[in-house]
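The next block holds one structure in the form of C-alpha coordinates; read it before the comments.
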(Lines give C-alpha, C1' and ligand atoms only; values in the text may rest on other atoms or scores of the structure.)
Protein backbone atom coordinates (compact mmCIF):
# COMPACT_ATOMS: atom_id res chain seq x y z
CA UNK A 1 0.00 0.00 0.00
CA UNK A 2 2.85 2.35 0.87
CA UNK A 3 4.46 1.62 -2.50
CA UNK A 4 1.18 2.40 -4.31
CA UNK A 5 0.76 5.72 -2.49
CA UNK A 6 4.40 6.62 -3.18
CA UNK A 7 4.05 5.87 -6.91
CA UNK A 8 0.77 7.76 -7.13
CA UNK A 9 2.25 10.83 -5.44
CA UNK A 10 5.33 10.66 -7.69
CA UNK A 11 3.19 10.47 -10.83
CA UNK A 12 1.00 13.35 -9.65
CA UNK A 13 4.03 15.47 -8.78
CA UNK A 14 5.59 14.74 -12.18
CA UNK A 15 2.39 15.81 -13.94
CA UNK A 16 2.24 19.04 -11.94
CA UNK A 17 5.90 19.85 -12.65
CA UNK A 18 5.41 19.12 -16.35
CA UNK A 19 2.33 21.36 -16.47
CA UNK A 20 4.16 24.17 -14.67
CA UNK A 21 7.13 23.88 -17.06
CA UNK A 22 4.90 24.10 -20.13
CA UNK A 23 3.03 27.03 -18.58
CA UNK A 24 6.34 28.78 -17.87
CA UNK A 25 7.54 28.22 -21.44
CA UNK A 26 4.27 29.55 -22.81
CA UNK A 27 4.43 32.61 -20.53
CA UNK A 28 8.03 33.38 -21.53
CA UNK A 29 7.14 33.06 -25.21
CA UNK A 30 4.09 35.31 -24.74
CA UNK A 31 6.20 37.97 -23.00
CA UNK A 32 8.76 37.84 -25.81
CA UNK A 33 5.93 38.17 -28.32
CA UNK A 34 4.50 41.22 -26.52
CA UNK A 35 7.91 42.87 -26.20
CA UNK A 36 8.77 42.26 -29.84
CA UNK A 37 5.38 43.59 -30.94
CA UNK A 38 5.62 46.79 -28.89
CA UNK A 39 7.94 48.49 -31.37
CA UNK A 40 7.86 48.54 -35.15
CA UNK A 41 11.28 47.65 -36.62
CA UNK A 42 12.68 49.96 -39.27
CA UNK A 43 15.68 50.09 -41.60
CA UNK A 44 18.09 52.95 -41.09
CA UNK A 45 19.53 54.75 -44.11
CA UNK A 46 22.86 53.35 -45.36
CA UNK A 47 22.12 49.82 -44.15
CA UNK A 48 23.72 46.63 -45.45
CA UNK A 49 21.96 43.29 -45.84
CA UNK A 50 24.23 40.62 -44.38
CA UNK A 51 23.59 37.06 -45.59
CA UNK A 52 25.48 34.42 -43.61
CA UNK A 53 26.06 31.39 -45.82
CA UNK A 54 26.52 29.12 -42.84
CA UNK A 55 24.55 26.12 -41.61
CA UNK A 56 22.05 23.77 -43.21
CA UNK A 57 20.16 25.17 -46.20
CA UNK A 58 16.55 24.08 -46.64
CA UNK A 59 13.93 25.04 -49.19
CA UNK A 60 11.84 26.74 -46.54
CA UNK A 61 12.56 27.18 -42.86
CA UNK A 62 10.05 27.84 -40.10
CA UNK A 63 11.50 28.91 -36.78
CA UNK A 64 10.69 26.78 -33.74
CA UNK A 65 9.81 28.20 -30.31
CA UNK A 66 12.40 25.82 -28.82
CA UNK A 67 15.12 27.60 -30.79
CA UNK A 68 14.21 30.87 -29.08
CA UNK A 69 13.91 29.33 -25.62
CA UNK A 70 16.96 27.05 -25.75
CA UNK A 71 19.14 28.96 -28.19
CA UNK A 72 20.15 27.59 -31.61
CA UNK A 73 23.77 26.52 -31.95
CA UNK A 74 23.22 24.97 -35.38
CA UNK A 75 21.70 27.54 -37.74
CA UNK A 76 19.25 26.49 -40.42
CA UNK A 77 18.68 28.73 -43.42
CA UNK A 78 15.61 28.94 -45.63
CA UNK A 79 16.15 29.42 -49.37
CA UNK A 80 12.78 31.18 -49.53
CA UNK A 81 13.87 33.72 -46.90
CA UNK A 82 17.30 34.34 -48.45
CA UNK A 83 16.01 34.95 -51.96
CA UNK A 84 13.05 37.00 -50.71
CA UNK A 85 15.41 39.26 -48.74
CA UNK A 86 17.64 39.79 -51.79
CA UNK A 87 14.76 41.03 -53.96
CA UNK A 88 13.39 43.16 -51.15
CA UNK A 89 16.82 44.72 -50.57
CA UNK A 90 17.02 45.65 -54.25
CA UNK A 91 13.82 47.71 -53.90
CA UNK A 92 14.64 49.29 -50.52
CA UNK A 93 16.39 52.64 -50.89
CA UNK A 94 17.82 52.39 -47.36
CA UNK A 95 19.81 49.26 -48.18
CA UNK A 96 23.05 50.20 -49.92
CA UNK A 97 24.69 46.80 -50.47
CA UNK A 98 24.66 43.08 -49.77
CA UNK A 99 27.41 41.51 -47.70
CA UNK A 100 27.88 37.75 -48.15
CA UNK A 101 29.59 36.12 -45.18
CA UNK A 102 30.89 32.77 -46.45
CA UNK A 103 30.85 30.21 -43.66
CA UNK A 104 30.21 26.48 -43.92
CA UNK A 105 27.06 25.80 -45.94
CA UNK A 106 25.69 22.24 -45.94
CA UNK A 107 22.72 20.48 -47.56
CA UNK A 108 22.84 22.94 -50.47
CA UNK A 109 22.19 21.30 -53.83
CA UNK A 110 23.86 22.85 -56.91
CA UNK A 111 20.46 24.14 -58.05
CA UNK A 112 19.82 25.86 -54.71
CA UNK A 113 23.20 27.59 -54.93
CA UNK A 114 22.41 28.45 -58.55
CA UNK A 115 19.15 30.13 -57.55
CA UNK A 116 20.80 32.28 -54.87
CA UNK A 117 23.36 33.29 -57.48
CA UNK A 118 20.60 34.26 -59.94
CA UNK A 119 18.91 36.43 -57.30
CA UNK A 120 22.21 38.18 -56.50
CA UNK A 121 22.77 38.80 -60.20
CA UNK A 122 19.31 40.42 -60.40
CA UNK A 123 20.15 42.51 -57.31
CA UNK A 124 23.24 43.92 -59.03
CA UNK A 125 20.99 45.39 -61.74
CA UNK A 126 19.79 47.87 -59.09
CA UNK A 127 23.27 49.42 -59.18
CA UNK A 128 24.06 48.36 -55.62
CA UNK A 129 27.20 46.32 -54.93
CA UNK A 130 27.50 42.75 -53.66
CA UNK A 131 30.58 42.14 -51.50
CA UNK A 132 31.65 38.77 -50.14
CA UNK A 133 34.09 37.88 -47.40
CA UNK A 134 35.32 34.47 -46.34
CA UNK A 135 37.87 33.20 -43.85
CA UNK A 136 37.61 30.13 -46.09
CA UNK A 137 35.31 29.45 -49.05
CA UNK A 138 33.78 26.03 -49.59
CA UNK A 139 33.25 25.19 -53.26
CA UNK A 140 29.49 25.78 -53.00
CA UNK A 141 29.98 29.09 -51.22
CA UNK A 142 32.59 30.20 -53.73
CA UNK A 143 30.23 29.37 -56.59
CA UNK A 144 27.61 31.62 -54.99
CA UNK A 145 30.02 34.39 -53.96
CA UNK A 146 31.88 34.54 -57.27
CA UNK A 147 29.02 36.67 -58.60
CA UNK A 148 29.97 39.43 -56.13
CA UNK A 149 31.57 42.68 -57.24
CA UNK A 150 34.34 42.10 -54.72
CA UNK A 151 35.49 38.70 -53.42
CA UNK A 152 37.56 39.19 -50.26
CA UNK A 153 39.62 36.41 -48.68
CA UNK A 154 41.36 36.18 -45.32
CA UNK A 155 45.18 36.38 -45.77
CA UNK A 156 45.44 32.88 -44.27
CA UNK A 157 42.31 31.57 -45.95
CA UNK A 158 41.59 29.07 -48.72
CA UNK A 159 39.17 28.69 -51.62
CA UNK A 160 38.00 25.15 -52.30
CA UNK A 161 37.86 24.47 -56.03
CA UNK A 162 38.29 20.81 -56.94
CA UNK A 163 35.37 19.60 -59.05
CA UNK A 164 32.31 17.49 -58.25
CA UNK A 165 31.98 13.95 -56.93
CA UNK A 166 28.99 11.76 -56.19
CA UNK A 167 29.69 8.81 -53.90
CA UNK A 168 26.77 6.54 -52.99
CA UNK A 169 26.99 4.22 -49.99
CA UNK A 170 26.28 0.49 -50.46
CA UNK A 171 24.67 -1.53 -47.67
CA UNK A 172 24.57 -5.05 -49.17
CA UNK A 173 27.46 -6.53 -47.17
CA UNK A 174 26.18 -4.99 -43.94
CA UNK A 175 22.73 -6.48 -44.51
CA UNK A 176 24.23 -9.89 -45.30
CA UNK A 177 26.12 -9.89 -42.02
CA UNK A 178 22.92 -9.43 -40.05
CA UNK A 179 20.94 -11.90 -42.18
CA UNK A 180 18.76 -9.53 -44.22
CA UNK A 181 18.23 -9.75 -47.98
CA UNK A 182 16.29 -7.23 -50.03
CA UNK A 183 13.66 -8.59 -52.43
CA UNK A 184 13.72 -6.15 -55.32
CA UNK A 185 11.28 -5.39 -58.15
CA UNK A 186 11.93 -2.61 -60.63
CA UNK A 187 11.38 -1.31 -64.15
CA UNK A 188 14.06 0.64 -66.05
CA UNK A 189 17.76 0.08 -66.68
CA UNK A 190 18.63 3.35 -64.91
CA UNK A 191 16.27 2.88 -61.94
CA UNK A 192 19.13 2.21 -59.59
CA UNK A 193 17.61 3.21 -56.25
CA UNK A 194 17.85 -0.44 -55.22
CA UNK A 195 21.58 -0.76 -56.00
CA UNK A 196 22.82 0.24 -52.53
CA UNK A 197 20.98 -2.81 -51.16
CA UNK A 198 21.76 -5.34 -53.89
CA UNK A 199 25.33 -4.58 -54.97
CA UNK A 200 28.66 -3.22 -53.82
CA UNK A 201 29.35 -0.85 -56.73
CA UNK A 202 27.53 1.17 -59.38
CA UNK A 203 26.04 -0.55 -62.40
CA UNK A 204 27.36 0.67 -65.80
CA UNK A 205 23.99 2.36 -66.50
CA UNK A 206 24.02 4.22 -63.18
CA UNK A 207 27.64 5.27 -63.63
CA UNK A 208 26.75 6.60 -67.10
CA UNK A 209 23.86 8.75 -65.87
CA UNK A 210 25.78 10.12 -62.89
CA UNK A 211 28.72 11.02 -65.13
CA UNK A 212 26.29 12.75 -67.49
CA UNK A 213 24.51 14.92 -64.93
CA UNK A 214 27.69 15.70 -62.97
CA UNK A 215 29.34 16.85 -66.20
CA UNK A 216 26.36 19.07 -67.02
CA UNK A 217 26.31 20.66 -63.55
CA UNK A 218 30.09 21.20 -63.48
CA UNK A 219 30.02 22.81 -66.92
CA UNK A 220 27.31 25.23 -65.74
CA UNK A 221 29.43 26.14 -62.72
CA UNK A 222 32.51 26.70 -64.89
CA UNK A 223 30.62 28.96 -67.29
CA UNK A 224 29.01 31.00 -64.50
CA UNK A 225 32.25 31.56 -62.54
CA UNK A 226 34.10 32.27 -65.78
CA UNK A 227 31.65 35.01 -66.71
CA UNK A 228 31.72 36.62 -63.26
CA UNK A 229 35.46 36.41 -62.62
CA UNK A 230 36.64 36.82 -66.23
CA UNK A 231 38.64 33.59 -66.09
CA UNK A 232 38.75 31.17 -69.01
CA UNK A 233 36.67 27.99 -68.29
CA UNK A 234 39.63 25.82 -69.33
CA UNK A 235 41.79 27.60 -66.73
CA UNK A 236 39.16 27.05 -64.03
CA UNK A 237 39.02 23.36 -64.91
CA UNK A 238 42.82 23.20 -64.75
CA UNK A 239 42.82 24.86 -61.31
CA UNK A 240 40.49 22.09 -60.08
CA UNK A 241 42.82 19.38 -61.43
CA UNK A 242 45.82 21.11 -59.84
CA UNK A 243 43.97 21.14 -56.48
CA UNK A 244 44.43 24.86 -56.09
CA UNK A 245 42.49 24.62 -52.82
CA UNK A 246 45.76 24.14 -50.90
CA UNK A 247 47.53 27.09 -52.54
CA UNK A 248 48.34 30.20 -50.45
CA UNK A 249 45.81 33.05 -50.40
CA UNK A 250 48.12 35.31 -52.43
CA UNK A 251 47.93 32.85 -55.33
CA UNK A 252 44.12 33.03 -55.23
CA UNK A 253 44.41 36.75 -55.92
CA UNK A 254 47.03 36.22 -58.63
CA UNK A 255 44.75 33.77 -60.43
CA UNK A 256 41.80 36.20 -60.05
CA UNK A 257 39.70 33.88 -57.89
CA UNK A 258 39.74 36.62 -55.22
CA UNK A 259 40.14 40.39 -55.49
CA UNK A 260 41.93 41.24 -52.28
CA UNK A 261 43.06 39.88 -48.91
CA UNK A 262 41.72 41.29 -45.68
CA UNK A 263 41.13 40.38 -42.04
CA UNK A 264 37.56 40.31 -40.77
CA UNK A 265 38.28 43.12 -38.31
CA UNK A 266 39.05 45.47 -41.21
CA UNK A 267 35.69 45.01 -42.93
CA UNK A 268 33.89 47.80 -41.06
CA UNK A 269 36.36 50.42 -42.27
CA UNK A 270 36.29 48.88 -45.76
CA UNK A 271 32.50 49.23 -46.03
CA UNK A 272 32.63 52.84 -44.85
CA UNK A 273 35.15 53.75 -47.55
CA UNK A 274 33.48 51.64 -50.24
CA UNK A 275 30.05 53.19 -49.65
CA UNK A 276 31.45 56.64 -48.73
CA UNK A 277 29.78 56.69 -45.31
CA UNK A 278 30.58 58.88 -42.32
CA UNK A 279 29.91 56.09 -39.84
CA UNK A 280 29.63 52.31 -39.78
CA UNK A 281 26.54 51.02 -41.60
CA UNK A 282 23.69 49.26 -39.83
CA UNK A 283 23.65 45.51 -40.49
CA UNK A 284 20.32 43.85 -41.20
CA UNK A 285 19.71 40.12 -41.76
CA UNK A 286 17.14 38.24 -43.87
CA UNK A 287 15.26 37.43 -40.64
CA UNK A 288 15.24 41.12 -39.75
CA UNK A 289 13.83 42.03 -43.15
CA UNK A 290 11.16 39.37 -42.79
CA UNK A 291 9.99 40.92 -39.49
CA UNK A 292 9.44 44.33 -41.07
CA UNK A 293 5.82 45.34 -41.71
CA UNK A 294 4.64 44.42 -45.20
CA UNK A 295 2.90 46.88 -47.48
CA UNK A 296 -0.72 46.06 -48.26
CA UNK A 297 -0.71 44.45 -51.69
CA UNK A 298 -3.37 44.02 -54.37
CA UNK A 299 -6.32 41.73 -53.67
CA UNK A 300 -5.44 39.45 -56.57
CA UNK A 301 -2.85 36.89 -55.54
CA UNK A 302 -0.36 34.40 -56.91
CA UNK A 303 0.00 31.46 -54.52
CA UNK A 304 3.39 29.77 -54.15
CA UNK A 305 2.90 26.30 -52.70
CA UNK A 306 6.09 24.71 -51.32
CA UNK A 307 6.33 20.92 -51.67
CA UNK A 308 9.68 19.57 -50.51
CA UNK A 309 10.97 16.35 -49.00
CA UNK A 310 9.87 12.73 -49.27
CA UNK A 311 6.46 12.00 -50.78
CA UNK A 312 4.37 10.07 -48.24
CA UNK A 313 0.68 9.43 -47.61
CA UNK A 314 0.44 10.80 -44.07
CA UNK A 315 2.76 13.12 -42.13
CA UNK A 316 5.09 11.67 -39.52
CA UNK A 317 7.40 13.03 -36.84
CA UNK A 318 10.42 11.23 -38.35
CA UNK A 319 11.29 13.99 -40.80
CA UNK A 320 10.95 17.76 -40.85
CA UNK A 321 10.55 17.79 -44.64
CA UNK A 322 7.71 15.77 -46.13
CA UNK A 323 5.12 16.01 -48.88
CA UNK A 324 2.13 14.27 -47.28
CA UNK A 325 -0.47 13.60 -49.98
CA UNK A 326 -3.43 13.84 -47.58
CA UNK A 327 -2.44 17.35 -46.55
CA UNK A 328 -1.27 18.52 -49.98
CA UNK A 329 -4.47 17.37 -51.73
CA UNK A 330 -6.57 19.19 -49.12
CA UNK A 331 -4.50 22.37 -49.50
CA UNK A 332 -4.67 22.34 -53.31
CA UNK A 333 -8.45 21.90 -53.19
CA UNK A 334 -8.69 25.00 -50.98
CA UNK A 335 -6.47 26.98 -53.37
CA UNK A 336 -8.71 25.96 -56.27
CA UNK A 337 -11.76 27.34 -54.45
CA UNK A 338 -10.12 30.63 -53.37
CA UNK A 339 -11.31 33.26 -55.86
CA UNK A 340 -8.63 35.78 -54.84
CA UNK A 341 -5.90 33.40 -56.00
CA UNK A 342 -5.60 33.74 -59.77
CA UNK A 343 -2.75 31.29 -60.37
CA UNK A 344 -0.63 28.83 -58.40
CA UNK A 345 3.10 28.14 -58.53
CA UNK A 346 4.01 24.75 -57.07
CA UNK A 347 7.61 24.70 -55.94
CA UNK A 348 8.90 21.11 -55.94
CA UNK A 349 12.12 19.95 -54.32
CA UNK A 350 11.80 16.20 -53.98
CA UNK A 351 13.53 13.03 -55.09
CA UNK A 352 10.23 11.15 -54.90
CA UNK A 353 8.68 8.64 -52.55
CA UNK A 354 5.42 6.72 -52.43
CA UNK A 355 4.04 5.98 -55.92
CA UNK A 356 0.50 5.91 -54.54
CA UNK A 357 0.86 9.31 -52.84
CA UNK A 358 2.42 10.78 -56.01
CA UNK A 359 -0.62 9.69 -58.03
CA UNK A 360 -3.00 11.32 -55.53
CA UNK A 361 -1.14 14.64 -55.72
CA UNK A 362 -1.01 14.39 -59.53
CA UNK A 363 -4.81 14.14 -59.55
CA UNK A 364 -5.21 17.17 -57.25
CA UNK A 365 -2.92 19.26 -59.47
CA UNK A 366 -5.01 18.23 -62.48
CA UNK A 367 -8.17 19.40 -60.71
CA UNK A 368 -6.49 22.67 -59.73
CA UNK A 369 -5.26 23.21 -63.30
CA UNK A 370 -8.82 22.94 -64.61
CA UNK A 371 -9.70 26.10 -62.65
CA UNK A 372 -6.56 28.28 -62.85
CA UNK A 373 -3.00 28.23 -64.26
CA UNK A 374 -0.54 25.99 -62.40
CA UNK A 375 3.16 26.67 -63.01
CA UNK A 376 5.72 24.19 -61.70
CA UNK A 377 9.00 25.55 -60.34
CA UNK A 378 11.57 22.78 -59.97
CA UNK A 379 14.17 23.34 -57.24
CA UNK A 380 17.15 21.17 -56.35
CA UNK A 381 15.31 17.97 -57.29
CA UNK A 382 12.02 17.17 -58.99
CA UNK A 383 12.69 13.56 -59.84
CA UNK A 384 10.67 10.34 -59.98
CA UNK A 385 7.64 11.01 -57.74
CA UNK A 386 8.64 14.68 -57.80
CA UNK A 387 8.41 14.66 -61.60
CA UNK A 388 5.17 12.63 -61.40
CA UNK A 389 3.72 15.69 -59.65
CA UNK A 390 5.40 18.17 -61.98
CA UNK A 391 4.10 16.70 -65.24
CA UNK A 392 0.54 17.64 -64.21
CA UNK A 393 1.32 21.38 -64.35
CA UNK A 394 0.41 23.86 -67.10
CA UNK A 395 4.10 24.68 -67.54
CA UNK A 396 7.40 23.55 -66.02
CA UNK A 397 10.18 26.01 -65.15
CA UNK A 398 13.51 24.44 -64.21
CA UNK A 399 16.94 25.53 -63.05
CA UNK A 400 19.90 24.33 -65.16
CA UNK A 401 21.25 22.13 -62.35
CA UNK A 402 17.95 20.70 -61.14
CA UNK A 403 17.98 16.89 -61.00
CA UNK A 404 14.79 15.63 -62.61
CA UNK A 405 13.31 12.80 -64.66
CA UNK A 406 14.00 9.38 -63.07
CA UNK A 407 10.71 8.18 -64.56
CA UNK A 408 10.43 4.71 -63.10
CA UNK A 409 9.09 2.65 -60.21
CA UNK A 410 10.57 0.05 -57.90
CA UNK A 411 9.52 -2.12 -55.00
CA UNK A 412 11.80 -3.25 -52.19
CA UNK A 413 10.74 -5.56 -49.35
CA UNK A 414 13.21 -7.07 -46.86
CA UNK A 415 13.48 -10.82 -46.38
CA UNK A 416 14.36 -11.13 -42.69
CA UNK A 417 13.84 -14.87 -42.36
CA UNK A 418 17.57 -15.59 -41.95
CA UNK A 419 17.95 -12.88 -39.32
CA UNK A 420 14.96 -14.12 -37.35
CA UNK A 421 15.69 -17.85 -37.58
CA UNK A 422 19.47 -18.25 -37.86
CA UNK A 423 20.68 -15.16 -35.97
CA UNK A 424 17.97 -14.74 -33.34
CA UNK A 425 16.72 -18.32 -33.08
CA UNK A 426 13.06 -17.52 -33.72
CA UNK A 427 10.80 -20.12 -35.38
CA UNK A 428 7.40 -19.63 -37.00
CA UNK A 429 4.52 -22.01 -37.73
CA UNK A 430 1.50 -20.59 -39.57
CA UNK A 431 -2.09 -21.71 -40.08
CA UNK A 432 -3.84 -20.00 -43.02
CA UNK A 433 -7.16 -20.18 -44.82
CA UNK A 434 -5.84 -19.19 -48.25
CA UNK A 435 -2.64 -19.59 -50.26
CA UNK A 436 -1.44 -16.01 -49.93
CA UNK A 437 -2.81 -15.18 -46.48
CA UNK A 438 0.75 -14.79 -45.19
CA UNK A 439 1.91 -12.66 -48.13
CA UNK A 440 4.51 -10.16 -46.94
CA UNK A 441 5.35 -11.95 -43.70
CA UNK A 442 8.89 -11.45 -42.43
CA UNK A 443 9.29 -15.15 -41.65
CA UNK A 444 9.83 -16.28 -45.27
CA UNK A 445 10.86 -14.87 -48.66
CA UNK A 446 8.43 -14.51 -51.58
CA UNK A 447 7.79 -17.67 -53.56
CA UNK A 448 8.00 -17.80 -57.38
CA UNK A 449 4.33 -16.97 -57.91
CA UNK A 450 4.38 -14.03 -55.50
CA UNK A 451 7.55 -12.68 -57.10
CA UNK A 452 5.88 -12.76 -60.53
CA UNK A 453 2.76 -11.02 -59.17
CA UNK A 454 4.84 -8.26 -57.57
CA UNK A 455 6.81 -7.66 -60.76
CA UNK A 456 3.58 -7.45 -62.75
CA UNK A 457 2.22 -4.92 -60.25
CA UNK A 458 5.37 -2.79 -60.56
CA UNK A 459 5.20 -2.87 -64.36
CA UNK A 460 1.56 -1.74 -64.29
CA UNK A 461 2.55 1.22 -62.11
CA UNK A 462 5.35 2.08 -64.53
CA UNK A 463 2.95 2.08 -67.48
CA UNK A 464 0.66 4.46 -65.59
CA UNK A 465 3.64 6.74 -64.87
CA UNK A 466 4.55 6.77 -68.59
CA UNK A 467 0.93 7.61 -69.47
CA UNK A 468 0.86 10.53 -67.04
CA UNK A 469 4.10 11.98 -68.45
CA UNK A 470 3.06 11.36 -72.06
CA UNK A 471 -0.24 13.20 -71.63
CA UNK A 472 1.18 15.99 -69.48
CA UNK A 473 4.14 16.74 -71.74
CA UNK A 474 2.32 16.02 -75.02
CA UNK A 475 4.83 13.34 -76.02
CA UNK A 476 4.10 10.01 -77.62
CA UNK A 477 4.39 6.95 -75.41
CA UNK A 478 7.38 5.87 -77.48
CA UNK A 479 9.15 9.22 -76.91
CA UNK A 480 8.33 9.09 -73.21
CA UNK A 481 9.65 5.54 -72.89
CA UNK A 482 12.95 6.61 -74.48
CA UNK A 483 13.32 9.37 -71.86
CA UNK A 484 12.24 7.14 -68.99
CA UNK A 485 13.88 3.88 -67.86
CA UNK A 486 14.53 5.66 -64.54
CA UNK A 487 17.13 7.98 -66.11
CA UNK A 488 18.06 11.14 -64.20
CA UNK A 489 18.45 14.35 -66.22
CA UNK A 490 19.59 17.85 -65.29
CA UNK A 491 17.17 20.71 -65.85
CA UNK A 492 19.26 21.81 -68.81
CA UNK A 493 18.95 18.34 -70.36
CA UNK A 494 15.23 18.18 -69.52
CA UNK A 495 14.63 21.39 -71.45
CA UNK A 496 16.36 19.89 -74.49
CA UNK A 497 14.38 16.64 -74.43
CA UNK A 498 10.93 18.11 -73.75
CA UNK A 499 10.52 17.32 -70.05
CA UNK A 500 10.54 21.05 -69.16
CA UNK A 501 9.36 24.26 -70.86
CA UNK A 502 11.77 26.99 -69.88
CA UNK A 503 14.82 27.81 -67.79
CA UNK A 504 14.45 30.05 -64.79
CA UNK A 505 14.10 30.54 -61.05
CA UNK A 506 11.09 30.62 -58.77
CA UNK A 507 10.77 34.31 -59.65
CA UNK A 508 10.52 33.34 -63.32
CA UNK A 509 7.73 30.88 -62.49
CA UNK A 510 5.82 33.57 -60.56
CA UNK A 511 6.07 35.95 -63.51
CA UNK A 512 4.85 33.21 -65.88
CA UNK A 513 1.90 32.49 -63.57
CA UNK A 514 0.89 36.16 -63.65
CA UNK A 515 1.13 36.22 -67.45
CA UNK A 516 -0.98 33.06 -67.75
CA UNK A 517 -3.58 34.57 -65.40
CA UNK A 518 -3.55 37.87 -67.30
CA UNK A 519 -2.79 40.05 -64.27
CA UNK A 520 -0.14 42.76 -63.79
CA UNK A 521 -0.73 43.84 -60.20
CA UNK A 522 -0.66 41.01 -57.68
CA UNK A 523 0.56 39.92 -54.28
CA UNK A 524 2.56 36.73 -53.74
CA UNK A 525 1.40 34.51 -50.87
CA UNK A 526 3.30 31.45 -49.65
CA UNK A 527 1.64 28.18 -48.70
CA UNK A 528 1.28 26.07 -46.62
CA UNK A 529 0.79 28.79 -44.05
CA UNK A 530 3.16 28.55 -41.07
CA UNK A 531 1.60 27.32 -37.87
CA UNK A 532 0.73 29.70 -35.04
CA UNK A 533 3.18 29.76 -32.16
CA UNK A 534 0.67 28.12 -29.79
CA UNK A 535 0.08 25.32 -32.31
CA UNK A 536 3.78 24.57 -32.58
CA UNK A 537 4.15 24.50 -28.79
CA UNK A 538 1.54 21.72 -28.67
CA UNK A 539 3.43 19.62 -31.20
CA UNK A 540 6.61 17.58 -30.82
CA UNK A 541 9.02 20.48 -31.19
CA UNK A 542 11.81 18.52 -29.54
CA UNK A 543 12.00 16.18 -32.57
CA UNK A 544 12.31 19.11 -34.99
CA UNK A 545 14.94 20.78 -32.82
CA UNK A 546 17.06 17.60 -32.60
CA UNK A 547 16.69 16.89 -36.33
CA UNK A 548 17.70 20.46 -37.18
CA UNK A 549 20.74 20.25 -34.90
CA UNK A 550 21.80 16.88 -36.34
CA UNK A 551 21.43 18.14 -39.90
CA UNK A 552 23.70 21.11 -39.26
CA UNK A 553 26.23 19.16 -37.19
CA UNK A 554 26.54 16.16 -39.54
CA UNK A 555 26.33 18.11 -42.80
CA UNK A 556 26.07 15.89 -45.86
CA UNK A 557 26.48 12.72 -43.74
CA UNK A 558 23.05 13.39 -42.21
CA UNK A 559 21.38 12.07 -45.38
CA UNK A 560 22.95 8.61 -44.96
CA UNK A 561 21.34 8.25 -41.53
CA UNK A 562 18.02 9.56 -42.79
CA UNK A 563 18.13 7.21 -45.77
CA UNK A 564 18.14 4.18 -43.46
CA UNK A 565 15.16 5.62 -41.57
CA UNK A 566 13.33 6.27 -44.84
CA UNK A 567 13.85 2.72 -46.08
CA UNK A 568 12.49 1.39 -42.81
CA UNK A 569 9.34 3.53 -43.03
CA UNK A 570 8.72 3.76 -46.79
CA UNK A 571 5.86 2.18 -48.71
CA UNK A 572 6.87 -0.99 -50.58
CA UNK A 573 6.20 0.64 -53.99
CA UNK A 574 8.30 3.73 -54.66
CA UNK A 575 8.78 6.33 -57.37
CA UNK A 576 12.13 7.60 -56.13
CA UNK A 577 15.49 8.78 -57.46
CA UNK A 578 18.41 6.29 -57.46
CA UNK A 579 19.49 7.66 -54.06
CA UNK A 580 19.76 10.96 -52.27
CA UNK A 581 22.60 12.54 -54.29
CA UNK A 582 25.48 13.84 -52.23
CA UNK A 583 27.28 16.09 -54.70
CA UNK A 584 30.41 17.79 -53.38
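The values are calculated or read from the model by the stated rules, or taken from the named source; none is laboratory data. Everything quoted here is computed from the prediction, not taken from an experiment. Note: ideal-geometry Cβ built from the backbone for every residue, glycine included; neighbour counts use all protein chains shown.
Descriptive notes on the structure:
- Some residue of the stretch 189-210 being more than 23 Å from the chain's Cα centre (by Cα), closer than 23 Å to residue 138 by Cβ, touching a residue at least 24 places away in the same chain (Cβ under 8 Å) and not in a helix (DSSP H, G or I): no
- Residues within the stretch 324-373 that are touching a residue at least 40 places away in the same chain (Cβ under 8 Å) and outside any helix (DSSP H, G or I), tallied: 17
- Within the stretch 539-547, none of the residues are modelled with pLDDT of 95 or more and within 20 Å of the chain's Cα centre (by Cα).
Residue by residue, here is whether (1) assigned to a strand (DSSP E or B); (2) over 22 Å from the mean Cα position of the chain (by Cα); (3) buried (at least 21 other Cβ atoms within 10 Å of the Cβ) holds:
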residue	(1), (2), (3)
105	yes, no, yes
108	no, no, yes
113	no, no, yes
119	no, no, yes
147	no, yes, yes
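- Taken as a whole, the structure places residue 471 among residues that are farther than 30 Å from residue 113 by Cα and surrounded by fewer than 20 Cβ atoms within 10 Å (Cβ to Cβ).
- Within the stretch 121-135, the residues that satisfy the criterion of being over 16 Å from residue 229 (Cβ atoms) and in a helix (DSSP H, G or I) are 122, 123.
- For the stretch 414-457, the set of residues classified as under 21 Å from residue 485 (Cα atoms) and outside any helix (DSSP H, G or I) is empty.
- Qualifying residue in the stretch 336-357 (condition: farther than 24 Å from residue 302 by Cα, at pLDDT 95 or above and surrounded by 24 or more Cβ atoms within 10 Å (Cβ to Cβ)): yes
- Output for the stretch 254-268, where each listed residue is surrounded by fewer than 16 Cβ atoms within 10 Å (Cβ to Cβ), in contact (Cβ under 8 Å) with a residue 60 or more places away in the chain and over 8 Å from residue 155 (Cα atoms): 260, 264
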